[in-house]
Structure formats: C-alpha cells, structure tokens
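Each reported figure results from applying straightforward, stated rules to the coordinates on display, with no laboratory input. These numbers were taken from a predicted model, which means no experiment stands behind them. All Cβ positions, glycine included, derive from the backbone under ideal geometry; neighbour counts span all protein chains shown.
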Amino acid sequence: MNGAVPPNSLLSRAVNRLTRAWTCRAVRSRLAAPVATITFDDFPRSAWTRAGPLLEEAGIRASYFVSGCFCERALDGIEYFRREDLLAVHEAGHEIGCHTFGHQRVSKQSREALGASLDRNAAFVRDVLGDVIMTSFAFPHGDASIPAKRLVSSRFAACRGIWAGVNAGLIDLSQLKAFGLEAHVFARYPLKKAVAEAKATNGWLIFFTHDVTDVPTPWGCTPDQLKELIALLTDAGIEILPMKNAIGRVAFT
C-alpha cells in the first residue's frame with residue numbers, strides 16, 4: 001500500500017475509480033425503510049460542544065471517528081477533542097469509530113504500518129473508555145486502496161469513504177458512500193435528490209463533516225446547516241442511527 005502517485009493526476013483518478021469499483025465485502029441490503037447516519041471525522045472539539053446539544057435535542061445519536069493523534073491538540077486554528085470529551089461522547093450513547101491513530105493516507109502505508117496504526121488507535125480508545133471495541137471505520141482523507149480495503153474490512157463491520165451517493169441494493173461495506181456537508185457536494189448532488197432516492201430505494205444515507213462552528217473550515221459545517229439536515233431527514237421520516245446500528249439493519253435484519 002505504498003506509492004507516490006500525485007493525488008490529482010489522471011493515473012490517481014483512474015486508481016481511485018478502480019478502488020471504488022473493487023468490492024471487498026458486498027451485501028444485499030435488507031433495509032425495509034431508509035435510514036441515515038451522521039458522522040464526524042477527526043473529532044474537532046466543536047463536533048461535541050456545538051453539535052452534541054443539537055443531536056441531544058433531536059434525540060439522535062451519531063458516529064464520531066477518532067484519530068488518537070489529535071487528542072488534546074490544536075492544529076491550524078482547530079481545537080481537537082480532549083479525553084473527557086471522548087468519554088462524554090461515549091457516555092451520551094454516540095458511537096466511537098476508528099480513523100487510524102496517525103490520520104495518514106492508507107494508500108501510502110504498508111500493510112504493517114496501517115495495521116500498527118489501527119492497533120495503536122484501538123489501544124488509545126481502550127485506555128480512555130475501557131472495554132470498547134470499535135466496529136466502524138472511516139478512511140482518513142477519504143483515501144483508499146484495494147489492499148487497505150481488504151485489511152480494514154477484515155477488522156471492521158463497515159468502512160466509510162467520502163464518495164457521494166446513496167447506499168442501496170448491493171452495498172460495499174468496505175467503502176460505503178457518504179455525502180460531505182459541503183456546498184460543492186450538494187451542487188453536484190442536491191440533498192433533496194439524495195433523500196428522494198433513499199426513500200425510493202430504501203437506501204442508507206451517510207453524511208460526514210468535521211468542525212461545527214459559525215465560521216467553519218472548508219470541511220466543516222455551521223450549527224444551522226446541521227439543524228437543517230436533521231430537520232430534513234426527520235420530516236422525510238428517515239430514522240437517524242449510528243453506523244454500527246445501521247449496519248445491523250442493512251446486513252442482519
């Protein structure tokens with residue numbers, strides 16, 4: 001899982017398409033009704049301090065993808081989670097998912113290095129939360145490779161990517177589709193269209209963001225945008241579940 005292909009080259013784009021097309025763990029969805037999942041990557045502190053009350057008010061639970069390397073740190077103006085935040089998120093009933101320890105692109109790592117990063121992150125989470133086993137994974141930077149998909153899907157029930165789309169019919173659990181809460185994503189794939197498609201196909205909608213602030217980074221969203229998403233899904237009658245609960249509906253119901 002190494003290489004030095006420029007991220008925006010024609011070859012890189014071809015590799016990305018090939019990786020997305022290669023299904024490591026495909027299952028036929030058993031959903032009898034559409035579901036949705038809201039996820040937070042890297043776990044900026046605002047994803048808890050600002051988003052947590054909104055989730056609690058709506059009575060829903062989300063998935064927080066944690067990279068241990070960010071704990072107690074502030075980088076590029078973003079304050080990341082503290083140990084007490086991780087404990088509070090878990091105690092509030094939200095899912096804690098794995099985002100590797102070092103938050104590096106998996107396609108640039110050897111199998112051994114990626115495995116070590118997963119092990120280190122698991123140890124970090126156990127140190128804070130006790131006997132908690134993470135069952136969901138999100139690819140750092142949305143970067144994936146065929147060997148990485150094979151490895152992480154052997155360790156986690158579901159692995160989430162960043163490519164926009166509704167998960168319906170035959171679903172690839174090794175690289176689930178997801179919508180970033182960013183304007184450019186919905187310019188290409190309007191949110192109402194995604195909701196309508198999920199209802200028509202009994203699909204699984206997954207959303208991801210990072211910080212939740214009044215002036216978010218390009219990868220974050222505002223509290224109002226998060227509230228609007230929750231309201232749209234609720235008004236459409238789509239139940240919002242953490243990834244670990246949704247996967248139970250998708251694969252085992």
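Electrostatic bookkeeping for I146 treats Lys and Arg as +1 and Asp and Glu as -1; over the other residues with beta carbon under 13 Å from its beta carbon, the sum is +4. Placing +1 on each Lys and Arg Cβ and -1 on each Asp and Glu Cβ, with no other charges, gives the chain a dipole about its Cα centre of roughly 1260 debye.
Summarising the amide proton neighbourhood of F208: residues at separation of 5 or more, or on other chains, whose placed amide H is nearer than 5 Å comprise T39, F179, G180, L181. Backbone geometry of the stretch 163-179 corresponds, through the Karplus equation with coefficients 6.51, -1.76 and 1.60 at θ = phi - 60°, to 3J(HN,Hα) couplings of 7, 5, x, 8, 7, 8, x, 7, 10, 8, 6, 8, 6, 5, 6, 7, 9 Hz, x marking Gly and Pro.
Helices from the chain with mean Kyte-Doolittle at least -1.0 and a Cα length along the axis of 20 Å or more, per DSSP H: which?
In the chain, the long hydrophobic H runs are 111-129.
A full extension of the chain between A92 and A58 corresponds to an added length of 10.9 nm, given 0.36 nm per residue minus the alpha carbon distance. Amide H contacts under 5 Å for A36: L205, E239, I240, L241, restricted to partners 5 or more places along the chain or on a different chain, H placed in the peptide plane at 1.01 Å from N. Short-range pairs are left out: with C-alpha atoms under 8 Å and at least six residues apart, the relative contact order of the stretch 10-252 is 29 percent.
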